[in-house]
Amino acid sequence: MVEGMRILVHDYSGHPFQIELSRCLARRGHTLSHVYSASFQTPKGDLATKADDPDTLDIVGLSLSETFQKNSFFKRRSQEIEFGRMVARQIRHFRPDIVVSSNAPLDTQALIYKAARACAAKFVFWLQDIYSEAISRVVPKALPVFGGVIAARYRRLEYSLLRRSDHVVAITEDFVSILRQQGVVQARVSVVENWAPLGEMTDARSETALPAGEAGRAHAIYAGTLGYKHNPDILLAAAKQLPVSIEVFSEGKVADSLSRRATEEGVANLSVRAWVPFGDLPKVLAKADILIAMIEQDAGIFSVPSKVLTYLCCGKPILAAIPTGNLARRIIERVQAGLVSSPSDAGSFIENLRKLAGDVPLRKALGANGRDYAEKNFDIQRIGDRFEGIFAGLFLPELKAI
């Protein structure tokens, strides 16, 4: 292993498991700069400096000059370029040996790649989503005249960056054949599935929710982003048909719309609240009987909802609407951690919720299966070993030459 490396980890979203990895690597003697977007509206991990954090860890939240315009394509692109330049300045200042970048919009990622190369740093593309696939579905519909050209441009850009990266860390085997077809050298691809910070999530199997109001009513929670790749209609439909309390912890345009519709239609058992700080999330999820995850059909294998991994840590059953073939769905079904239906099948989703709401032993069994999976697969020390092994491999040719 190459000891004492300078590593810049960029996680655009600021998710919980990336900062856990940075803390792990810093405790192993590496100097870490963990960079994220403070302007991007999404639930974030524990990004505040802790008393026991090593001196070799610096957590850097970068903010745009204006509020992030998520729903305006051209303004959003301009801001993503602005943010890429900010990360590039951080790279030039830090002078890393390795840059690891995940969740970055493609215009941002291109500037990060360029800055890494200018500093002679190795570049690791941590592939969480194949963004150009999503762009190819969404942008041509939103911009009929130029959308196809824009989508083609991003497809070329993404696969060019992947081919030129020193290494690609893919979060699912599903990406491997796609990368191979696009000319990415397979020796430069490793699969490391995402995880959740097990030590920071409460094992809540022994806790039972008794929400205010009707005693014994099952309590379901959805916590996370609600965006264009989700279908909140099934939450509203389920609340209308079942005597179940549904709480949604989310923010943004889609969440606001869901809240407004619930009020207008008199659906009192569905409520929408603000995102929960990561430090409070375990306590909130522990109050649930059922945890809800969703992703749209056309997202397919290209987006793996990380909230499922957080849910597994809690020891509560998962009610999911996820496409067949998605990694998160395969995990839930393989380990029997919940009940899953297709995103377009509202009837099955509601029936699964009815089944979970009325069967306490089933809920306990599914929740225990999920927690058992998390304990076996989310060991940060073993995950840290995987990444250190990948990083060491980046320098092997140079070591051999010496």
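Any read-out appearing in this document is the output of simple, stated calculations on the displayed coordinates, not a laboratory observation. Here the structure is a predicted model, which means the values were calculated and not measured. We place every Cβ from the backbone using ideal geometry, glycine too, and count neighbours over all the protein chains shown.
Structure notes:
- Going through (1) in contact with a helix residue (DSSP H, G or I) (Cβ under 9 Å, 6 or more places away or on another chain); (2) without any contact (Cβ under 8 Å) to a residue 60 or more places away in the chain; (3) within 13 Å of residue 96 (Cβ to Cβ) one by one, residue 27 falls short only on (3).
- Residues in the range 49-98 that are part of a strand (DSSP E or B) and more than 22 Å from residue 27 (Cβ to Cβ): 62 only.
- Matching residues in the range 330-349 - criterion: being part of a helix (DSSP H, G or I), touching a residue at least 60 places away in the same chain (Cβ under 8 Å) and surrounded by 21 or more Cβ atoms within 10 Å (Cβ to Cβ): 349
- Top-ranked residue of the range 356-393 - restricted to ones that are in contact with a helix residue (DSSP H, G or I) (Cβ under 7 Å, 6 or more places away or on another chain) and farther than 24 Å from residue 23 by Cα, ranked as surrounded by the fewest Cβ atoms within 10 Å (Cβ to Cβ): 362
- All conditions in (1) closer than 30 Å to residue 146 by Cβ; (2) touching a strand residue (DSSP E or B) at 6+ places or on another chain (Cβ under 9 Å); (3) surrounded by fewer than 16 Cβ atoms within 10 Å (Cβ to Cβ) hold for residue 38, with the sole exception of (1).
- Pairs meeting the criteria (first residue in the range 370-396 and charged (D, E, K, R), second residue outside any helix (DSSP H, G or I), beta carbons under 8 Å, at least 6 apart or on different chains) are 371/203; 371/205; 371/315; 386/190; 386/192; 388/1; 388/28.
- Residue match in the range 157-174 (condition: hydrophobic (A, V, I, L, M, F, W, C) and free of Cβ contacts under 8 Å to residues at least 12 places away in the same chain): no
- Filtered residues of the range 248-274 (kept if buried (at least 20 other Cβ atoms within 10 Å of the Cβ) and part of a strand (DSSP E or B)): 248, 249, 270, 272
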